[in-house]
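Here's the structure we're looking at; comments come further down.
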Amino acid sequence: MNFIPGYSLRQGSTLDKALLVKFMQRTYQEQFPNQDFSHLAHTVEQYFCRDTPLWWVYEEVGEIGEVGEVGEVGAVGEEILHQLPITDYQSPVACLWVGNAIDQVSGDRHPYIFLLYVIPEYRRKGIGKGLMAYVENWATQKRDVSGKPSYRQIGLQVFLSNTPALNLYHQLGYQEQSLWMVKSL
């Protein structure tokens with residue numbers, strides 16, 4: 001699927017649970033490096049399903065020789081490997097996982113971004129912005145049975161310490177609506 005120049009987008013499946021957990025752990029470990037995030041496997045197990053879409057971003061590369069290691073498809077014979085699309089044996093560089101939420105003021109259901117993660121060496125290349133544009137377009141295309149748009153907003157949570165993400169979301173028009181507060185006991 002065309003995405004942004006140099007990258008392609010593929011919809012994930014429920015078979016991607018382990019990779020999704022890995023990406024979730026990476027994003028949280030960047031913000032909280034001394035924490036154990038093994039519990040995120042339970043989060044994915046509980047919430048990841050066909051109704052919570054997942055997309056992966058892959059870097060497009062030319063020749064087979066430029067890819068490097070084959071990775072998880074290592075058992076595939078060389079002749080079959082050359083017939084596979086490049087993204088079938090290349091690791092993703094970013095992901096977007098979307099669930100749903102209910103606005104507690106209006107009662108409307110809306111998409112909620114569970115995870116947007118871009119591997120550090122691929123940041124500042126437009127991938128995060130591209131994923132946000134993609135999900136916004138995806139959400140505006142959804143219609144209810146009467147043909148009316150299904151959604152009027154997209155929600156997400158971002159840590160205050162994640163300045164690059166805050167800047168991206170502000171640049172894209174996202175605004176603070178509430179403040180999540182915690183008290184350590």
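Filtering segment 42-63 to residues that are in a helix (DSSP H, G or I) and touching a residue at least 24 places away in the same chain (Cβ under 8 Å) leaves Val44, Glu45, Tyr47. Restricting attention to segment 139-168, which residues are in contact (Cβ under 8 Å) with a residue 24 or more places away in the chain, in a helix (DSSP H, G or I) and not aliphatic (A, V, I, L, M)? Pro164, the sole residue that qualifies.
Inclusion of Gly155 among residues that are modelled with pLDDT under 90 and open to solvent by less than 90 Å² (accessible area, probe 1.4 Å) is not warranted.
If you go through segment 93-120 and keep only what is farther than 23 Å from Cys49 by Cα, modelled with pLDDT of 95 or more and either open to solvent by 30 Å² or more (accessible area, probe 1.4 Å) or touching a helix residue (DSSP H, G or I) at 6+ places or on another chain (Cβ under 6 Å) (or both), you end up with just Pro120. Of the residues that sit in segment 124-143 and are open to solvent by less than 60 Å² (accessible area, probe 1.4 Å) and not hydrophobic (A, V, I, L, M, F, W, C), which one is farthest from Gln175 (Cα to Cα)? Checked segment 124-143; the qualifying residue farthest from Gln175 (Cα to Cα) is Gly126. When restricted to residues that are modelled with pLDDT of 90 or more and not acidic (Asp, Glu), segment 127-150 contains 14. Being open to solvent by less than 50 Å² (accessible area, probe 1.4 Å) and out of contact with any Gly (no Cβ under 8 Å at 6 or more places or on another chain): is that true of Ser8 here? Answer is yes for this residue.
The values are calculated or read from the model by the stated rules, or taken from the named source; none is laboratory data. Note that the structure is a prediction, hence the values are computed from the model and not measured. Neighbour counts are summed over all protein chains in view; Cβ atoms, including those assigned to glycine, are modelled from backbone coordinates with ideal geometry. Side chains are part of the model used for accessible areas, which takes the heavy atoms of the whole protein and leaves out ligands, DNA and RNA. Shrake-Rupley method; radii C 1.70, N 1.55, O 1.52, S 1.80 Å.
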